[in-house]
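> Submitted below is the structure of interest, expressed as structure tokens.
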Amino acid sequence: MTLPKLEMQTGPAKTTRGRVFSGARPTGRQHLGNYLGAIKNYVALQDEYQCVYSIVDLHALTTMELTKGLRENTFDMALDWLAAGIRPDENIIFIQSHVPQVTELHTILSMVTPLGKLTDLPTFKEKVRQQPHNVNYGLVGYPVLMAADILLYHADAVPVGDDQRQHLELTRDVAQRFNHLFGETFTIPEAMIPLSGGRVMGLDDPTVKMSKSETSSEYHAVYLLDPPDRARKKIMRAVTDSGRDISFSNDPERAGVNNLLEIYEALTGKSRSEIEAHFAAARGYGDLKSEVADVVIAALEPIQQRYREITGAQDYVDSVLAKGAERAGAIAQSTLDAVRDKMGFMKAYS
């Protein structure tokens, strides 16, 4: 494989296509839920927008009591994104902590964010329930750091799942409040919600979202690097129900079948009516699982092929991340300079 030469794009100017920002925490290898809920959309958005994609390692610290594996997970996430088809010569891929301006903006925005808004968020309450022994300041301020991520790069839109939509609403509120107090400074971002595949559920328990942190069963998730036989085995063992009807449903008792159908929908691009007609003559759930396995394996094959091509090219990945941080830093510094000026900070002495 001939790795592409990275062209430097300097300056904070936005393209006429508009800018998209998104970030993901490096907490483990990427799975099918990550791919359908985020990465697949990241790749598609490149054709319409200038994309800024951040590996948000600072965010990962809010739930990690030990940081063992953080460096490896961060590098692996970059590999997964590049293997999936994100083009670094056209877009910006970088590590959050490599652009320190985000922490200064986080501090500034925390001064205009009411504490009650943060502690009332359902996501915060859920994290407190999950980790009562590790409720840290960063966990409370997570949405403000997320707001700093987004506003620093003047994103026009942010692809988010339903579980993050409230955080984006908070970002919009913070930006509007700052603009009202200090003058027009930040772009107000819009949410982009994927139509399908936005919330892939666990194969072993379709009542919970597919997660890297879920360790109840080895059959919980299909990972991007799972070999075909492993991926097929996991899908064939997916929990369904005792029926035979293969159709989309909101019935909690049929969550397993619905999850498999939504995976099939997201990977094939077929309409729900087409899918239901296709499976109308199926002999049972075994047919459904087999076809879902086929399309999953077909989707993973080119990703795994690209991964094998770049996995040994650490210098290339390092270059992608270094140039990404430089380009992101140029935008970030321009934004921070404007923020400091609007708020009346004295300029630093040279």
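The values are calculated or read from the model by the stated rules, or taken from the named source; none is laboratory data. Nothing here was measured: the structure is a model prediction, and the numbers come from that model. Positions of Cβ are backbone-derived with ideal geometry, glycine not excepted, and every protein chain shown enters the neighbour counts. Accessible surface areas use protein heavy atoms only, side chains included; no ligands, DNA or RNA. Shrake-Rupley method; radii C 1.70, N 1.55, O 1.52, S 1.80 Å.
> Could you list, in sequence order, the residues of the stretch 314-336 that are of a type in the set (Ser, Thr, Tyr) and either surrounded by fewer than 18 Cβ atoms within 10 Å (Cβ to Cβ) or more than 15 Å from ALA148 (Cβ to Cβ) (or both)?
Taking the stretch 314-336 as the starting set, the residues that turn out to be of a type in the set (Ser, Thr, Tyr) are 316, 319, 334-335.
Result: TYR316, SER319, SER334.
> Looking for something assigned to a loop (DSSP other than H, G, I, E, B), of a type outside the set (Asp, Glu) and loosely packed, with under 15 Cβ neighbours inside 10 Å - is there at least one such residue anywhere in the stretch 288-302?
So the first thing to find is which residues in the stretch 288-302 are assigned to a loop (DSSP other than H, G, I, E, B), and the list is none.
Looking through the stretch 288-302, none of the residues is assigned to a loop (DSSP other than H, G, I, E, B), of a type outside the set (Asp, Glu) and loosely packed, with under 15 Cβ neighbours inside 10 Å.
> Could you tell me whether any residue of the stretch 138-161 is touching a strand residue (DSSP E or B) at 6+ places or on another chain (Cβ under 9 Å), free of Cβ contacts under 8 Å to residues at least 24 places away in the same chain and among the hydrophobic types (A, V, I, L, M, F, W, C)?
Scanning the stretch 138-161, I find no residue that is touching a strand residue (DSSP E or B) at 6+ places or on another chain (Cβ under 9 Å), free of Cβ contacts under 8 Å to residues at least 24 places away in the same chain and among the hydrophobic types (A, V, I, L, M, F, W, C), so the answer is no.
> Output yes when any residue across the stretch 106-129 is open to solvent by 20 Å² or more (accessible area, probe 1.4 Å), under 27 Å from LYS323 (Cα atoms), among the β-branched types (Val, Ile, Thr) and modelled with pLDDT of 95 or more, and no when none is.
Restricting attention to the stretch 106-129, the residues satisfying the condition of being open to solvent by 20 Å² or more (accessible area, probe 1.4 Å) are 106-107, 110-111, 114-117, 119-120, 122-129.
Checking the rest, the ones that are also under 27 Å from LYS323 (Cα atoms) come to 106-107.
If we keep only those that are among the β-branched types (Val, Ile, Thr) too, we end up with 107.
Then keep just the ones that are modelled with pLDDT of 95 or more; that gives 107.
Yes.
> Then there's this: Quick one: which helices (runs of 4 or more DSSP H) lie wholly within the stretch 28-115 and hold at least 1 residues that are touching a Lys or Arg at 6+ places or on another chain (Cβ under 6 Å)? Write out each step before concluding.
Numbers: elements: 40-45, 57-60, 70-84, 101-110.
Of the helices (runs of 4 or more DSSP H) lying wholly inside the stretch 28-115, those with at least 1 residues that are touching a Lys or Arg at 6+ places or on another chain (Cβ under 6 Å) span 57-60, 70-84.
> Being open to solvent by less than 50 Å² (accessible area, probe 1.4 Å), among the β-branched types (Val, Ile, Thr) and closer than 19 Å to TYR307 by Cα is true for just one of VAL52, VAL43. Which residue is that?
On the way: VAL52 fails: closer than 19 Å to TYR307 by Cα.
So the residue among VAL52, VAL43 that is open to solvent by less than 50 Å² (accessible area, probe 1.4 Å), among the β-branched types (Val, Ile, Thr) and closer than 19 Å to TYR307 by Cα is VAL43.
> Please specify each residue of the stretch 134-146 satisfying the condition of being modelled with pLDDT of 85 or more and either exposed (fewer than 13 other Cβ atoms within 10 Å of the Cβ) or in contact with a Ser or Thr (Cβ under 7 Å, 6 or more places away or on another chain) (or both). It would help to see each step written out before you state the result.
Step one: of the stretch 134-146, the residues modelled with pLDDT of 85 or more are 137, 140-146.
Passing the criteria: TYR137, VAL140, GLY141, TYR142, VAL144, MET146.
> Which ones in the stretch 253-291 are farther than 28 Å from ALA78 by Cβ, of a type outside the set (Asp, Glu) and under 23 Å from the mean Cα position of the chain (by Cα)?
Those that are farther than 28 Å from ALA78 by Cβ, of a type outside the set (Asp, Glu) and under 23 Å from the mean Cα position of the chain (by Cα): ASN258, ASN259, LEU260, LEU261, TYR264, THR268.
> Here's something else I'd like to know. Within the stretch 176-278, considering only helices (runs of 4 or more DSSP H) that don't extend past its boundaries, which have at least 1 residues that are in contact with a helix residue (DSSP H, G or I) (Cβ under 6 Å, 6 or more places away or on another chain) and open to solvent by 60 Å² or more (accessible area, probe 1.4 Å)? So that I can check it myself, show each step before the final result.
Working: elements: 228-236, 255-268, 272-278.
Fully inside the stretch 176-278 and qualifying: 228-236.
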